[in-house]
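A.B. asks: Before we start, here is the structure in question, set down as structure tokens.
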Amino acid sequence: GYEQYYKISNLGRLKRVLHRKNPCNTLIDGIIHPNGYCKLALTINGKTKQFYTHRLVALAFIPNPENKKQVNHINGIKTDNRVENLEWVTSKENINHSWENGLSKPINGVLNGNSVLTEKDVLEIRKIGSTMTQKEIGKLYGVNHQAIYKILKRTRWKHI
């Protein structure tokens, strides 16, 4: 419903189009959201709504016959909203693209919100690993024996 008031270019520039309330065509400046993506504010009848620039470009220029829900930046640059840099993707495709291109990094250790153990715990587990069973150590630290196994084999917490 914004098409009669705004036009988006294939480069991601938004223009408020000529109409009786706004006699001149004006480019709308976007903002960089804290997540790194460009956002634009569109107003109709005094109500403002924000949209991601890449999504507006994709909606305007890229067919979506499979009805995919997300728009991916092919080169990984969140502010590059040229139509040739965008594609419709599923959530899984978007996540895979991010991992394959090094755009997402694993969060290790205590910085991972799901972590039960501390670095101190891991070092202690490695010290006592040969004196107790993995099941006993797991009970002691409140994790299962598989977590202890992976710590001892250094497939988990390998950064310390």
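The values are calculated or read from the model by the stated rules, or taken from the named source; none is laboratory data. Owing to the predicted nature of the structure, the values given are computational and were not obtained by experimental measurement. All Cβ positions, even for glycine, are placed from backbone atoms using ideal geometry, and neighbour counts span all protein chains on display. When the accessible area is computed, the model is the full protein with side chains, heavy atoms only, and any ligands, DNA or RNA have been set aside. Shrake-Rupley method; radii C 1.70, N 1.55, O 1.52, S 1.80 Å.
A.B. asks: Considering segment 103-157 alone, what residues qualify as being under 30 Å from Asn75 (Cα atoms) and either open to solvent by less than 90 Å² (accessible area, probe 1.4 Å) or part of a loop (DSSP other than H, G, I, E, B) (or both)?
C.D. replies: In the first step, residues of segment 103-157 are kept if they are under 30 Å from Asn75 (Cα atoms); the result is 103-109, 111-113.
The answer is Leu103, Ser104, Lys105, Pro106, Ile107, Asn108, Gly109, Asn112, Gly113.
A.B. asks: Just to verify a result, which residue in segment 30-87, among those that are in contact (Cβ under 8 Å) with a residue 24 or more places away in the chain, part of a strand (DSSP E or B) and within 17 Å of the chain's Cα centre (by Cα), is nearest to Asn10 (Cα to Cα)?
C.D. replies: Only one residue fits best here, namely Leu86.
A.B. asks: Do you know which of the residues in segment 31-67 that are under 17 Å from Ser98 (Cα atoms) and at pLDDT 95 or above is surrounded by the most Cβ atoms within 10 Å (Cβ to Cβ)?
C.D. replies: Checking each candidate, the answer is His54.
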